[in-house]
Amino acid sequence: MNAPSDHPGTGTLLRQPGFVQLLLYRVASMLSYQIVAVTVGWHIYEITRNPFSLGLIGLAEVLPFFCTAPFAGYLVDHLPRRRLGMTASLGLIATAVVLALVATGGLPARGVWPIYLAIALTGMVRAFLSPVYNALFARVLAREQFARGAGVGSVVFQTGMVVGPALGGALVAWGGKGLSYTVAAVMAILALLALATLRVSEPAPPQVRAPIFASIAEGARFVLSNQIMLGAMALDMFSVLLGGVVAMLPAFIHDILQHGPEGLGILRAAPALGSIAVGLWLARRPLQRNAGRVLLCAVAGFGLCVIAFGLSRNFWLSGAILVFYGACDGVSVVVRSTILQLATPDAMRGRVASINGIFISSSNELGAFYAGSAARLLGLVPAVVVGGCAVLGVAATIAWKAPRLRRLDLRDLQ
């Protein structure tokens, strides 16, 4: 059920039970995924000592994601969204349990391929998480609350990205990989319970269903015809694809900064600290005027942070750079999320969110594969510095090719 149509502050939003439960689902699923991600990275690098194997983690996840995401969006638009989210949470539980059994020897396995197979299952499951959240978001909040809600949602999302890696690194150091994977399973159970107890009205399914591929194509045409939405998605995709450094952190920790798994957890969490600060600010003071220019400047700042990180040799300086890196990325997340909610018809939220998810996963998981491949060809540090320079080129190109995004005022979408 939609909230009243006044203009409440952040505190009022957090007193709405449906919104709070949806946030719990988001943070718990993110905690589960992030604990697994940091543990898997350490697990595989411990076995192989090869940066390229870290890139393969991203590839193992993104290929199943791409195959599943278009159909996930269709299902979210045509089936009960809450139940689909619960099913996805069950998938997260299964992944964490399998990895725990591999780590503890309960599931006899040779090499790293069983780990990659478990990550492939994660990719399929994650295709449902964001479309379910975005579709339910529009049911628990009124339209005029979307900008503040996007800021709060970004804070919660990034909190999971802070706590998850730090917790994952600490658990590996303290109790081993099996304990870390077990805690990830518990977090996924919490996500399932949050949706199981959520009370929200869902739209009636369409009486006449278009053929599945025609319906997916309709969502794709909607995104491709919207210069603002497409520009924001492309900006995020190419900047993180070329400038993402998170996947290479285990190699930086081992070979350059000389720290253990606790240091990996700290550096994995640092970008999210910056994003949380930005999300808190934008939740209290939603961005309206000059949103497009702010977005482009933030992406340029992101690229400069990538270059600085690649050149740093001090652990704490690298951590500070990653905080600013996350702050720049946080602006992109909030602006893109607000555009997505304001510009998408309710009947297409699942499909549009899935397309957005494909863009994001292209940047994250394919970015991890790109980073691993570039590190193998150019060396670890040169690959990161070149990627940061490429991000600056992306920001300039999008500013030139998407003038409507450059001049964006979010009030024009309300």
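The table that follows gives values for the structure above.
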| quantity | calculated |
| --- | --- |
| Any hit, segment 352-372, residues being polar (S, T, N, Q), modelled with pLDDT under 90 and outside any helix (DSSP H, G or I) | no |
| Segment 278-292, subset open to solvent by 20 Å² or more (accessible area, probe 1.4 Å) and assigned to a helix (DSSP H, G or I), residue nearest to Leu13 (Cα to Cα) | Arg284 |
| Residue within segment 216-233 that is under 24 Å from Met30 (Cβ atoms), of a type outside the set (A, V, I, L, M), open to solvent by 40 Å² or more (accessible area, probe 1.4 Å) and more than 19 Å from the chain's Cα centre (by Cα) present | no |
| Filter result for the condition that a residue is open to solvent by less than 30 Å² (accessible area, probe 1.4 Å) and in a helix (DSSP H, G or I), over Leu84, Leu63, Leu75, Leu117 | Leu84 |
| Members of segment 308-329 that are open to solvent by less than 30 Å² (accessible area, probe 1.4 Å) and of a type in the set (A, V, I, L, M) | Ile321, Leu322, Ala327 |
| Boolean, Ser332 is in contact with a helix residue (DSSP H, G or I) (Cβ under 7 Å, 6 or more places away or on another chain) and open to solvent by less than 10 Å² (accessible area, probe 1.4 Å) | yes |
| Pairs, first under 14 Å from Ala37 (Cα atoms) in segment 173-196, second among the β-branched types (Val, Ile, Thr) and open to solvent by 40 Å² or more (accessible area, probe 1.4 Å), C-beta under 6 Å, six or more apart | Gly178/Thr104; Ala185/Val97 |
| Single residue of segment 102-114 satisfying the filter (assigned to a helix (DSSP H, G or I) and surrounded by fewer than 19 Cβ atoms within 10 Å (Cβ to Cβ)) that is farthest from the chain's Cα centre (by Cα) | Thr104 |
| Tally of residues being of a type in the set (S, T, N, Q) and in contact with a Leu (Cβ under 9 Å, 6 or more places away or on another chain) across segment 329-340 | 2 |
| Qualifying residue in segment 39-48 (condition: in a helix (DSSP H, G or I), at pLDDT 85 or above, within 21 Å of the chain's Cα centre (by Cα) and closer than 30 Å to Ala374 by Cβ) | yes |
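Every residue, every condition in (1) of a type in the set (Val, Ile, Thr); (2) surrounded by fewer than 22 Cβ atoms within 10 Å (Cβ to Cβ), yes or no:
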residue	(1), (2)
Ala94	no, yes
Thr122	yes, no
Arg126	no, no
Gly168	no, no
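Listed here are the residues, each with its yes/no results for (1) open to solvent by 20 Å² or more (accessible area, probe 1.4 Å); (2) modelled with pLDDT under 90; (3) in a helix (DSSP H, G or I).
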{"position": "Gly149", "(1), (2), (3)": "no, yes, yes"}
{"position": "Gln158", "(1), (2), (3)": "no, yes, yes"}
{"position": "Trp174", "(1), (2), (3)": "yes, yes, yes"}
{"position": "Tyr181", "(1), (2), (3)": "no, no, yes"}
{"position": "Met187", "(1), (2), (3)": "yes, no, yes"}
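The values are calculated or read from the model by the stated rules, or taken from the named source; none is laboratory data. Just so it is clear, the model here is predicted, and its values are computed rather than measured. A quick note on method: Cβ atoms are made from the backbone with ideal geometry, for glycine too, and the neighbour counts reach across all protein chains shown. Accessible surface is based on the protein model in full, side chains and every heavy atom, while ligands, DNA and RNA are left aside. Shrake-Rupley method; radii C 1.70, N 1.55, O 1.52, S 1.80 Å.
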